[in-house]
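Scroll down for the structure; my scribbles are underneath it.
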Amino acid sequence: MNLTLFDLDHTLIPTDSDYEWGVFTTGLGWNDAADFASRNDAFFAQYKAGTLDIHEYVRFATRAIRQQGASKSEAAHLDFMRAVVQKVIQPQALDLVRAHQAAGDAVLIVTATNEFVTRPIAAAFGVSDLIAINLQRDPATSWFTGEIEGTPSFREGKVARVQEWLASRQQGWEDVESTFYSDSINDLPLLEHVTHPVATNPDDRLRAIALERGWRILELFTN
């Protein structure tokens, strides 16, 4: 089987969906603007530097939807898709995903952003298989607690989660010809694990490694 994996933020879309969701919900008055912006920027810098505590970040990033509840949050996300996400999905990214699907590849989006934010975005790309940060739910309310359920799909966790996905289909890495597209140094463990790593719109640290190792570099976005 040919297995094609895509990171999402700054790989298939030229922005960070979780960061933009935070900006969007702040615009709704769900966060204290100054405090949220300061903490959001700090977490984003840690992510780019490869030093992010993913559990701490997820508690921060889901605070607003936990406070607002399911109905208001889901309605807001529909508006977020229309106002923000649909405007940044570019034809060349859609074409790349569809080309792999047309070739018969199994296509997954593998992201360190949580499932609430990313599942509708994956659907907009026509991708049904999503590996994202799974959010724990409170049995009493069926809504999110702010904690992560299972292995977070972050750094080495992406390798583990894809391995779990393969095992659920009675397969292993040795059974697939795998490709992974990513922009981020945080995804180095999975890039090193696949058959064909593709540094896509790479950050400076990943670009240097890709050049050193002779990996393919794809500049998907022109802006």
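Annotations
- Ellipsoid equivalent to segment 37-99 - semi-axes via the Cα gyration tensor, in Å: 25, 21, 10
- Positive-end extreme of charge dipole, the chain - chosen from 117, 58, 40 (charges on Cβ): 117
- Among 206, 188, 28, residue whose mean-square fluctuation peaks in a GNM of the chain (springs only between Cα atoms under 10 Å): 28
- Note that the chain shows a convex hull volume over its alpha carbon atoms of 122 Å³ per residue.
- Simple label model, 7 Å out from Cα along Cβ direction - residue 28 to residue 156, nm: 3.6 nm
- Highest mobility in the GNM of the chain, judged by mean-square fluctuation with C-alpha springs under 10 Å and restricted to 13, 209, 109, is found for 209.
- The magnitude of the dipole of segment 104-223, with charges of +1 and -1 set on the Cβ of Lys/Arg and Asp/Glu and taken from the Cα centre, is near 120 debye.
- Shown for the chain are the DSSP H helices of 18 Å or more along their axis, judged by Cα atoms, with a mean Kyte-Doolittle hydropathy of at least -1.0: 33-49.
- Per residue, the accessible area of the chain comes to 45 Å², computed with a 1.4 Å probe over protein heavy atoms only.
- Each principal axis of the Cα cloud of segment 1-116 was taken in turn, and the coordinate range along them, longest first, works out to 47, 32, 22 Å.
- Distance from segment 112-140 to segment 55-96 (C-alpha centre basis), Å: 10 Å
- Candidate cross-link partners of residue 48 among the lysines, defined by an alpha-carbon separation under 23 Å and a same-chain spacing of 8 or more, comprise 158.
- Here the accessible area is traced with a 1.4 Å probe on the protein chains. For the chain, carbon and sulfur cover 49 percent of it.
- Simple spin-label estimate for residue 70 and residue 143 in nanometres, 7 Å along Cα-Cβ: 1.0 nm
- Computed on the chain, with alpha-carbon pairs under 8 angstrom and 6+ residues apart, the relative contact order is 25 percent.
- The modelled label-to-label distance for the pair residue 119/residue 175, using points 7 Å beyond Cα in the direction of Cβ, is 2.6 nm.
- Computed extension length for residue 53-residue 167: 38.3 nm, one decimal, from 0.36 nm per residue of separation with the Cα-Cα distance subtracted.
- Beta bridges assigned by DSSP with both partners in segment 65-223 are antiparallel in approximately 15 percent of cases.
The values are calculated or read from the model by the stated rules, or taken from the named source; none is laboratory data. Computed from a predicted model, the values in this text were never measured in an experiment. When we count neighbours, we look across all protein chains shown, and the Cβ atoms used for this are built from the backbone with ideal geometry, even at glycine. Ligands, DNA and RNA are excluded from the accessible area calculation, which covers all protein heavy atoms including side chains. Shrake-Rupley method; radii C 1.70, N 1.55, O 1.52, S 1.80 Å.
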